[in-house]
Amino acid sequence: MIEVLKKQWFVVLIALIFTSFAIYYIYDTNKGKLPGKSIDGKDVVATIGEQTITADDLYEGLDKTMSGSVASVYFSRYVADQSVETTDALKEEAKTNAEGYRSYVEQTYGTATDDMIAASLKQLNFDSLEDYFLIEAKKTKLYQDYYDKHLEELFQPLCEEKNGRVLSHILIKMDDAENPTEEELAKIEKVDAALAEGEDFGDVAEKYSDDSSASNGGLLGYSDDDTSYVTAFKETAATLKKGEVSDWVKVTSTNYSGWHKILCVEDSYEGIIENKDVKESIYSAIESANSTIRSEIIWKAGKKLDISFADKELKAALLEALGLDE
């Protein structure tokens, strides 16, 4: 069944639009009324290129447990699979991610790992974790290639209107930011001394910062007015120009207490998009600003595959599942 799904993805993406167990009743009572032409006495409900999808294709093997909520997920899967070439780099990425995921599940669930993974793969109609993560890698590439081609349209207005910038920081965590201990103050003094001597901010962050970003030189990536930082941090960062380092910013929140030293790495659109280290956070900002952008990309990619619908209700159902208005 899984091999059939892989080979006839265009049949599956149409079939999955239909929701609930009532689909079988609808088919039985309306299979002779579907609009469009006929081939060998069978109604054609959709085409892709020169290939046709008949009503018999549509309902054969349809899983009754599938609901409309997964329609867009399956559509995205098959469109991405057809739109993005399978390269050695993508396969290696999928293998690495699959191994990492399996390791995580093993650490969390131990001996139940194989059964849990097998059950999930069966539910999602994948043969292996590598197959699943390959599709995920293809979807990511499809999205990011689109973002890269449309940065001026998608990202520049966002960056300029919302005070976009690239930030790095050094965090010294404390039990009480208002009353640091001698040991905590000694660490603060070491940071100040290193920076005063001209040591690179990233090197100082890697050496002294208590934040997980220390391993990356304190780099936080792209941020703007909508980024979810604590108020004191955000307000200070917003005042910095490229190359400026803040005074210590005291933070007390439900998650931690400590002092931040903040560096503005870039504060212009041109400088930000040239910084290869912040691409992922740029993509995240684009997606945060446009909740349907992924669906839009998938739909456009699907149209390039020459998908057509004889039944307009099928098309409307898919657009609804994707949250789109064509």
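Listing for the model above:
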{"item": "Residues of region 174-185 satisfying the condition of being surrounded by 14 or more Cβ atoms within 10 Å (Cβ to Cβ) and either part of a loop (DSSP other than H, G, I, E, B) or in contact with a Phe, Trp or Tyr (Cβ under 6 Å, 6 or more places away or on another chain) (or both)", "result": "Met174, Ala177, Pro180"}
{"item": "Flag for Thr231 being polar (S, T, N, Q), modelled with pLDDT under 95 and crowded, with 16+ Cβ neighbours inside 10 Å", "result": "no"}
{"item": "Number of the exception - Phe233 against (1) closer than 26 Å to Ile286 by Cβ; (2) not in a helix (DSSP H, G or I)", "result": "(2)"}
{"item": "Any chance Trp299 is touching a residue at least 24 places away in the same chain (Cβ under 8 Å), surrounded by 15 or more Cβ atoms within 10 Å (Cβ to Cβ) and closer than 30 Å to Lys190 by Cα", "result": "no"}
{"item": "Top-ranked residue in region 120-173 [being among the hydrophobic types (A, V, I, L, M, F, W, C), outside any helix (DSSP H, G or I) and closer than 30 Å to Thr236 by Cα; ranked as farthest from the chain's Cα centre (by Cα)]", "result": "Ile172"}
{"item": "Region 108-143, residues that are in contact (Cβ under 8 Å) with a residue 24 or more places away in the chain and open to solvent by less than 40 Å² (accessible area, probe 1.4 Å)", "result": "Asn125, Phe126, Ser128, Leu129, Phe133, Leu134, Ile135, Ala137, Lys138, Lys139, Leu142, Tyr143"}
{"item": "Test: residue in region 186-195 that is part of a helix (DSSP H, G or I), among the small types (Gly, Ala, Ser) and buried (at least 19 other Cβ atoms within 10 Å of the Cβ)", "result": "no"}
{"item": "Lone qualifier among Asp210, Asp306 - being over 25 Å from the mean Cα position of the chain (by Cα) and on the phi > 0 side of the Ramachandran plot", "result": "Asp306"}
{"item": "Selection within region 198-214 - at pLDDT 95 or above, open to solvent by 50 Å² or more (accessible area, probe 1.4 Å) and not in a loop (DSSP other than H, G, I, E, B)", "result": "Asp203, Glu206, Lys207"}
{"item": "Residues within region 236-272 that are open to solvent by 60 Å² or more (accessible area, probe 1.4 Å), closer than 30 Å to Gln144 by Cα and not in a loop (DSSP other than H, G, I, E, B), tallied", "result": "1"}
{"item": "Region 165-216, residues that are of a type in the set (S, T, N, Q) and within 30 Å of Ile282 (Cβ to Cβ)", "result": "Ser168, Ser209, Ser212, Ser213, Ser215, Asn216"}
{"item": "Check on Ala289, among the small types (Gly, Ala, Ser), modelled with pLDDT under 95 and open to solvent by less than 20 Å² (accessible area, probe 1.4 Å)", "result": "no"}
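The values are calculated or read from the model by the stated rules, or taken from the named source; none is laboratory data. Owing to the predicted nature of the structure, the values given are computational and were not obtained by experimental measurement. Ideal geometry is used to build each Cβ from the backbone, glycine not excepted, and the neighbour counts take in all protein chains shown. When the accessible area is computed, the model is the full protein with side chains, heavy atoms only, and any ligands, DNA or RNA have been set aside. Shrake-Rupley method; radii C 1.70, N 1.55, O 1.52, S 1.80 Å.
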